[in-house]
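S.K.: Quick one: the structure is below, and I'll ask about it shortly.
The values are calculated or read from the model by the stated rules, or taken from the named source; none is laboratory data. Source: prediction; values computed, not measured. Quick reminder, even Gly has a Cβ in these numbers, built from the backbone with ideal geometry, and neighbours come from all protein chains shown. Ligands, DNA and RNA are stripped out before the accessible areas are found, and what is left, the full protein with its side chains, is counted by its heavy atoms. Shrake-Rupley method; radii C 1.70, N 1.55, O 1.52, S 1.80 Å.
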Amino acid sequence: NLSAFHDRADKFLNEKNVVTDFLGKLEEKTGIRKKILAVGAVSLTGLYLVYGYGAALLCNLIGFAYPAYYSVKAIESLSKEDDTKWLTYWVVYGVFSLGEFFSDIFLYWFPFYYAFKCLFLLWCMAPMSWNGSQFIYNRVVRPAFLRHEAAVDSLVSDLGSRAMSAAENLTREAVVSNTFILWLHLGTLKQVWTLLV
């Protein structure tokens, strides 16, 4: 299994993309092989996630930047499969972020929290069929969604009609109030005009 990971890493380092282009230029300037540079960058990032200031920002960038880039590429491609993959990631990321919002004050105090969070997000975006977003979506999100879909649809429909009604009332009140204000201004202008003439 370790050799499969090693082969996958070698394959990634030989692909043409932004990261490998940057590592190639760095290799040319320093004479250090791309593989060593990549291991060093991953190690430094890991250490920073454990000990560095701003680990939350770095972790969120890792969980956002790569998936956002590949989501745009998926939108621009003709394949539907990659769209589904990245939509699944974003649904799981949203559920995770919502849960984290309410529990972050407690989780923040756990040692290595951001390192584990980053590993979790990397698992969710990993380019394999059993990645975290597929696993969590199929085991947690989808069953919960299917169980509550009708109730949520009804709630959303009800909230939509209430919002539309409130917007119509506000518009109607604004028109009436602006008409009244205009009427007052016209009355004042008429009085001023009669004083001048």
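S.K.: Considering only residues that are within 14 Å of the chain's Cα centre (by Cα) and farther than 15 Å from Ser133 by Cβ, which ones fall in region 65-97?
M.R.: Ala65, Tyr69, Val72
Residue-by-condition table, conditions (1) open to solvent by less than 60 Å² (accessible area, probe 1.4 Å); (2) modelled with pLDDT of 90 or more:
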| position | (1), (2) |
| --- | --- |
| Ala68 | yes, yes |
| Ile75 | no, yes |
| Glu81 | no, no |
| Tyr89 | yes, yes |
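S.K.: Next question. Could we say that Leu146 is aliphatic (A, V, I, L, M), open to solvent by 30 Å² or more (accessible area, probe 1.4 Å), on the phi < 0 side of the Ramachandran plot and part of a helix (DSSP H, G or I) here? Outline the logic, then answer.
M.R.: Numbers: aliphatic (A, V, I, L, M): yes; open to solvent by 30 Å² or more (accessible area, probe 1.4 Å): yes; on the phi < 0 side of the Ramachandran plot: yes; part of a helix (DSSP H, G or I): yes.
In short, yes.
S.K.: If you go through region 115-136 one residue at a time, how many are open to solvent by 30 Å² or more (accessible area, probe 1.4 Å) and in a helix (DSSP H, G or I)? Spell out the reasoning first.
M.R.: Keep residues of region 115-136 that are open to solvent by 30 Å² or more (accessible area, probe 1.4 Å), which gives 116, 119-120, 122-123, 127-130, 134-136.
This time we only want the ones that are in a helix (DSSP H, G or I), so: 116, 119-120, 122-123, 134-136.
Selection size over region 115-136: 8.
S.K.: Still on this structure: Of the residues in region 1-52, how many are over 23 Å from Ala65 (Cβ atoms), open to solvent by less than 60 Å² (accessible area, probe 1.4 Å) and free of Cβ contacts under 8 Å to residues at least 12 places away in the same chain? It would help to see each step written out before you state the result.
M.R.: Within region 1-52, the subset over 23 Å from Ala65 (Cβ atoms) is 1-4, 6-7, 10, 28-33, 36.
Going one step further and asking which of them are open to solvent by less than 60 Å² (accessible area, probe 1.4 Å), we end up with 4, 10.
So of that shortlist, the ones also free of Cβ contacts under 8 Å to residues at least 12 places away in the same chain come out as 4.
Of the residues in region 1-52, 1 are over 23 Å from Ala65 (Cβ atoms), open to solvent by less than 60 Å² (accessible area, probe 1.4 Å) and free of Cβ contacts under 8 Å to residues at least 12 places away in the same chain.
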